[in-house]
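**Student:** Quick one: the structure is below, questions incoming.
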Amino acid sequence: MRSTSHTPNHCKAYDNPMKIRKAVFPVAGLGTRVLPATKAMPKEMLTIVDKPLIQYVVDEAREAGIEHFVFVTGRNKGVIEDHFDRMFELDTTLAQRGKKTEQEILAESQPAAGAMSFTRQQSPLGLGHAVWCARDIVGNEPFAVVLPDELVLNTPGCLKQMIEAASALGDKSNVIAVEAVPDELTHQYGICSVGKRTGRIFEVDAMVEKPPQGTAPSNLSITGRYILQPEIFDILATQERGAGGEIQLTDAMIGLAKTQKFYGVEFEGERHDCGSKAGFLRANIAFGLKRPDLRDGLRAEMKKYLGE
Ligand code: G1P
């Protein structure tokens with residue numbers, strides 16, 4: 001019997017109402033916050049329970065109806081490409097041993113042949129530059145950007161929620177996922193301020209990347225899920241370096257907001273910043289406790305450690 005945690009229903013493509021077909025995954029980052037784990041291994045391959053981070057976000061995008069997956073990689077990231085390839089020897093051995101469940105798990109983890117593109121960000125110039133590196137592959141259509149170190153634990157996933165919430169918005173709308181963070185953490189994120197609101201969606205009034213402490217316009221952080229119009233690429237092409245000396249996506253969005261609408265979506269679900277040690281550990285516990293095959297044992301172990 002296969003474990004329910006691997007059921008493929010979240011992997012089935014569905015026709016998303018905004019017709020967002022492509023998602024960009026910037027995976028060139030150095031992962032300095034979790035060294036030495038990421039010295040020889042990409043941070044996107046860090047494992048939450050039994051799947052690498054990159055698999056979670058690809059599955060989230062598939063659930064949202066994304067059909068093509070664009071990875072912006074860098075040096076030492078080849079294993080990400082291998083992860084989504086078919087491993088012939090492993091497959092053959094599993095077949096010979098009658099391990100059908102494992103074979104199915106592997107098959108489900110792979111997007112369709114030809115549905116992935118890999119391009120390189122040759123220098124670490126920032127998130128905005130990484131997204132710009134995908135311009136030729138994305139072309140002239142709206143697209144999603146998904147940052148793999150941010151995981152959201154929810155069904156439906158964050159991107160599907162965004163696309164559904166945004167389907168009522170006009171053409172040429174841009175959408176960002178947002179979540180409130182404690183005031184003392186606003187300097188670590190892109191922050192936006194809220195204009196006219198309808199339920200969980202609001203018009204974004206202003207955005208700022210990593211505002212110095214005490215200057216943030218709100219505590220609503222941009223959480224690593226974006227739906228952007230292709231005009232962002234023209235702005236990124238000339239975007240100056242911003243916060244941290246990097247070419248920032250947020251700065252290009254500020255430019256695009258002069259001519260197009262930006263909406264924020266407060267999504268449902270628990271967000272985990274897995275690029276930090278504490279966030280990574282928390283995600284493992286949270287995702288482990290959701291797994292029917294693991295939760296009872298994990299709960300018992302945790303009680304032991306907590307001395308309950
Ligand atoms: C990036 C974005 C920032 C966003 C954050 C979410 O920052 O630039 O606006 O809030 O991701 O994780 P980074 O974490 O790459 O410094």
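Read-outs: derived from the displayed coordinates by stated rules, not from any lab. As the structure is a computational prediction, the values presented were derived from the model and not from experiment. Reconstructed Cβ throughout: ideal geometry from the backbone, glycine too, with neighbour counts over all protein chains shown.
**Student:** Charges on Cβ only, +1 for Lys and Arg, -1 for Asp and Glu, centred on the Cα centroid of the chain; of THR32, SER117, ALA144, which one is farthest towards the dipole's positive end?
**Tutor:** Farthest along the dipole direction, towards plus: THR32.
**Student:** In square nanometres and to one decimal, what's the mean projected area of the convex hull around the Cα atoms of the range 124-202?
**Tutor:** For the range 124-202, averaging the hull's shadow over all directions gives 7.2 nm².
**Student:** Now a separate question. Would you work out which of LEU220, TYR263, HIS187 lies farthest towards the positive end of the dipole of the range 178-278, given +1 charges on the beta-carbon of Lys and Arg and -1 on that of Asp and Glu, about the Cα centre?
**Tutor:** Farthest towards the positive pole: TYR263.
**Student:** Further, regarding this structure: For the chain, count all C-alpha to C-alpha pairs, find those more than 37 Å apart, and express that count as a whole percent of the total.
**Tutor:** 14 percent
**Student:** Hey, another quick one. For the range 177-185, take each phi angle, set θ = phi - 60°, evaluate the Karplus expression 6.51 cos²θ - 1.76 cosθ + 1.60, and give the result in whole Hz per residue in order, putting x for glycine and proline.
**Tutor:** My calculation for the range 177-185 gives 7, 9, 8, 5, 10, x, 3, 6, 10 Hz in order.
**Student:** Assuming R0 = 41 Å, can you tell me the calculated FRET efficiency for the pair ALA112 and ASN140, based on Cβ-Cβ distance, to the nearest 0.05?
**Tutor:** E between ALA112 and ASN140, to the nearest 0.05, is 0.95.
**Student:** Through the Karplus equation 6.51 cos²θ - 1.76 cosθ + 1.60, θ set to phi - 60°, convert the phi angles of the range 102-107 into ³J(HN,Hα) values in whole Hz; use x for Gly and Pro.
**Tutor:** 5, 4, 5, 4, 5, 4
**Student:** Still on this model: Treating only the Cβ of Lys, Arg, Asp and Glu as charged (+1, +1, -1, -1), what charge dipole size does the range 228-307 show about its Cα centre? Round to the nearest 20 debye.
**Tutor:** 560 debye
**Student:** Can you give me the pair-distance distribution of the range 67-217, C-alpha pairs, 10 Å bins, whole percents?
**Tutor:** 8, 26, 33, 21, 9, 3, 0
**Student:** Could you work out the helix-only [θ] at 222 nm for the chain, with each DSSP H run of four or more residues adding -39,500 (n - 2.57) and the total divided by the number of residues, to the nearest 500 deg cm²/dmol?
**Tutor:** Calculated mean residue ellipticity at 222 nm is -8500 deg cm²/dmol.
**Student:** Quick one: Debye curve from the alpha-carbon atoms of the range 242-308 only, equal weights, vacuum; give me log10 I(q)/I(0) at q = 0.12, 0.25 Å⁻¹ to two decimals.
**Tutor:** Treating every Cα as an identical point scatterer, log10 I(q)/I(0) equals -0.59, -1.12.
**Student:** Another question, then. Using Cα centres only, tell me the gap between the range 152-215 and the range 253-307 in whole Å.
**Tutor:** Their Cα centres are 17 Å away from one another.
**Student:** Next up: What residues have an amide H closer than 5 Å to that of PHE267, excluding those fewer than 5 places away on the same chain, when H is modeled at 1.01 Å from N in the peptide plane?
**Tutor:** Distant-sequence amide H within range of PHE267: VAL178.
**Student:** Right, another one. Once you charge only the Cβ atoms, +1 for Lys and Arg and -1 for Asp and Glu, what is the size of the charge dipole of the range 26-84 about its Cα centre, to the nearest 20 debye?
**Tutor:** 420 debye
**Student:** Mean 1/r over all different Cα pairs, inverted: what Kirkwood radius does the range 189-308 give, in Å?
**Tutor:** Every distinct Cα pair counted, the radius reaches 17.2 Å.
**Student:** For each pair in LYS22/LYS261; LYS19/LYS160; LYS77/LYS277; LYS100/LYS290; LYS77/LYS160, compute the distance between the two Cα atoms and list the pairs where it is over 22 Å.
**Tutor:** Long pairs (Cα-Cα over 22 Å): LYS100/LYS290; LYS77/LYS160.
**Student:** Also, I was wondering about something else. Among GLU270, GLU308, which comes first, then next, by fewest other beta-carbon atoms within 10 Å?
**Tutor:** Taking fewest neighbouring Cβ atoms as first place, the list is GLU308, GLU270.
**Student:** Further question: Taking the Cα centre of the chain as origin, work out the dipole magnitude from +1 charges on Lys and Arg Cβ and -1 charges on Asp and Glu Cβ, in debye rounded to 20.
**Tutor:** About 400 debye.
**Student:** Same structure, new question: With θ set to phi - 60°, apply the Karplus curve 6.51 cos²θ - 1.76 cosθ + 1.60 along the range 79-86 and write out the HN-Hα couplings as whole Hz, x wherever there is a Gly or Pro.
**Tutor:** Going residue by residue, I get 5, 5, 5, 4, 4, 8, 8, 7 Hz, with x marking Gly and Pro.
**Student:** Arrange ASP171, ASP149, ASP205, ASP59 by Cβ neighbour counts within 10 Å, fewest through most, would you?
**Tutor:** ASP171, ASP205, ASP59, ASP149
**Student:** Where does the charge balance sit around HIS129 when Lys and Arg score +1, Asp and Glu -1, over other residues with C-beta under 12 Å from its C-beta?
**Tutor:** 0
**Student:** Using modelled amide H (1.01 Å from N, peptide plane; none on Pro or chain starts), what sits under 5 Å from the amide H of VAL204, excluding residues fewer than 5 places away?
**Tutor:** Answer set, sorted by chain and number: GLY195, PHE262, TYR263, GLY264.
**Student:** What order do you get for 288-295, 137-144 when each peptide is scored by the mean count of other beta carbon atoms within 10 Å, highest first?
**Tutor:** Those peptides, ordered most packed to least, come out 137-144, 288-295.
**Student:** What distance in nm lies between label points placed 7 Å from Cα along the C-beta direction at LYS100 and THR47?
**Tutor:** 2.5 nm
**Student:** Which order, highest average first, do 113-119, 217-223 follow once you tally other Cβ atoms within 10 Å for each residue and take the mean per peptide?
**Tutor:** The packing order, highest mean first, is 217-223, 113-119.
**Student:** Okay, moving on. Taking amide H atoms as placed 1.01 Å from N in the peptide plane, list the residues 5 or more away in sequence, or in a different chain, whose amide H sits under 5 Å from that of GLY242.
**Tutor:** ILE247, GLN248
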